[in-house]
Amino acid sequence: MLGDRSVTVFYDEVMLGHNPEVDLPFLPSRVEKRVRNILKELDFKWSYPEHPGRLSAIKELLDDEPIPGLQFRAGPHASYDQLGRVHTTAYLDHIFSLEGKPAWLDSDTTAVSPNSIKAATSAAGNAIAAVECVVKGESQSAFAIVRPPGHHADPVRARGFCLFNNVAVAAAHAQAKLGCERILIVDWDAHHGNGTQDIFWADPDVLFFDTHCAAPFYPGSGDLYEIGGGLGEGYNINVPLPEDAGDIAFEKAFREILVPAADHFKPDLVLISAGFDPHRNDMALNLTYDGFAMLTSIVQEIADKHCEGRLAFVLEGGYNLKSLSRGVHTVLQILAGGEPPEQLVECGLREVDEAAEFHRDAFTDD
Ligand SMILES: [Zn+2]
């Protein structure tokens, strides 16, 4: 029943300070010149899609429609050493040198504003706090509502709106400091989590499972045959999907690939890179709120079965404010003990069944 399970939401307004604007004077660089040229060729006014309004929309809906059993906390900023478990020192030194400045970081749209570095260390720190919370048993599950997102950031590069790989930093912290030995990371964002894949590519203690819209959709990686390497071979699972795949395909991928993989791997912590851009009103793919509810209940069952329910979510993408906020709300309801839908059906099937019943008599002779 709703309210039966304890859930902690990690959130800090500091993350609203990350607000890159295209009109700011940028640091001179080759990258900036290239971005400027790309922008010049677009015939509409481009604004940064990964903006503070994303988090505000989620927070407002949670305030307007409170969920029983939910509590809010703010985690500390991630330290240089905590970030250094997954990023190189050269990369971190470069990022920290940008504190207080606006700059383009990468030609694929990643930029910073003067308060972005603080927001990014808060995002990674809140992901760590969410993991500490569930591993220490302070609540059954946790959701770090953070930005900038993380799953495209690799050890040496900011990409796709991501500065630090929040979920990877949290997983590495759980390995280094919390005694976790086998961590399952599930990434259901519409985009492939290339950064997370790279970071744990050769690590057999982290099983990475990723459903995403297949290449050439951004970032273009996530092929079926990318299965990890070295000791980590077999511990990287990609499920590339066509752009209109929806609830039924996702549920099948989770039940027929993820569940048996998790049964084999036996994780002692489950982390979710939760993007809401696979919602039908967002960038790609065709999930509904019922779909998000079902996927949440499946990962909850995995965590209940293998690791006393230790389950932490970290926000990734989601750019339609309505489906982003409602999607997060839907997930949190399931985490708080709400009932998932009994069965997912193709959108409209239920209505057609009812209409068929309504019209049936009209065309029979008796
Ligand atoms: Zn995404």
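Write down the Kirkwood hydrodynamic radius of the stretch 287-366, to one decimal in angstroms, obtained as one divided by the mean of 1/r over all alpha carbon pairs.
Details: mean 1/r = 0.0660 Å⁻¹.
It works out to 15.2 Å.
Under Stokes-Einstein, with the Kirkwood radius over Cα pairs standing in for Rh, what whole-number D in µm²/s applies to the chain at 25 °C and 0.890 mPa s?
Estimated via Stokes-Einstein, D reaches 118 µm²/s.
Can you give me the Cα centroid spacing of the stretch 344-366 and the stretch 193-223 in angstrom? Each part reduced to its Cα centre gives a spacing of 43 Å.
Farthest toward the positive end of the dipole of the chain, out of 115, 129, 204, is the Cα of 115, where the dipole comes from beta carbon charges about the Cα centre.
Which one, 264, 77, 87, has the greatest fluctuation when you compute a Gaussian network model over the chain with C-alpha springs under 10 angstrom? Sorting by GNM fluctuation, first place goes to 264.
Dipole magnitude for the chain: computed about the Cα centre from +1 point charges on Lys and Arg Cβ and -1 point charges on Asp and Glu Cβ, it is near 1720 debye. Please work out the Cα center distance from the stretch 273-288 to the stretch 144-190, rounded to the nearest Å. First find each Cα centre; the distance between them is then 19 Å. Among rounded, prolate and oblate, which fits the stretch 228-284 when a ≥ b ≥ c are the square roots of the eigenvalues of its C-alpha gyration tensor, a/c under 1.5 means rounded, and a/b larger than b/c means prolate? Taking the square roots of the gyration eigenvalues as a ≥ b ≥ c, the stretch 228-284 is prolate. Dimensions of the stretch 161-202 based on its C-alpha atoms, expressed as ranges along the principal axes with the largest first, amount to 31, 19, 18 Å.
Working ranking of peptides 143-152, 200-209 by packing, defined as the average number of other Cβ atoms within 10 Å per residue, highest first, is 143-152, 200-209. Local charge sum around residue 17 (other residues, Cβ-Cβ under 11 Å, Lys/Arg +1, Asp/Glu -1)? It works out to a net charge of 0.
Counting pairwise Cα distances across the stretch 156-235, what percent come out greater than 15 angstrom? Distances greater than 15 Å cover 56 percent of the Cα pairs. Note on residue 355 and residue 244: with the Förster distance fixed at 22 Å, the Cβ-Cβ geometry gives a FRET efficiency of about 0.40. The label-point distance for residue 93 and residue 342, in a model that sets each label 7 Å from Cα toward Cβ, rounds to 6.3 nm. Quote the FRET efficiency, to the nearest 0.05, computed for residue 266 versus residue 215 with a Förster distance R0 of 41 Å and r equal to the Cβ-Cβ distance. Taking R0 as 41 Å, the efficiency between residue 266 and residue 215 is 0.85.
Relative contact order of the chain: what whole-number percent is it, with Cα pairs under 8 angstrom and at least 6 residues apart?
Once divided by the residue count of the chain, the mean separation gives 19 percent.
Ranking 218, 185, 175 by Cα position along the charge dipole of the stretch 163-218, where only Lys, Arg, Asp and Glu carry charges on their C-beta atoms, puts 175 farthest toward the positive end.
Note on the chain: GNM, Cα springs under 10 Å; of 190, 129, 74, the largest mean-square fluctuation is that of 74. Residue pairs exceeding 25 angstrom between C-alpha atoms, taken from 266/322; 59/118; 177/266; 252/305; 101/177: 266/322; 101/177.
Among the GluC sites (Glu not before Pro) in the stretch 92-142, those placed in a DSSP loop whose Cβ has at most 16 other Cβ atoms within 10 Å are 99, 138. Per-residue ellipticity at 222 nm, computed for the chain from helices alone with -39500 (n - 2.57) per DSSP H run of at least four residues, works out to -11000 deg cm²/dmol. With both residues required to sit in the chain, DSSP beta bridges show an antiparallel share near 10%.
Throughout, read-outs are computed from the coordinates displayed, never taken from laboratory work. None of the values given here were measured: they were computed from a predicted structure. Because the Cβ atoms are built from the backbone with ideal geometry, glycine has one as well, and the counts that use them run over all protein chains shown.
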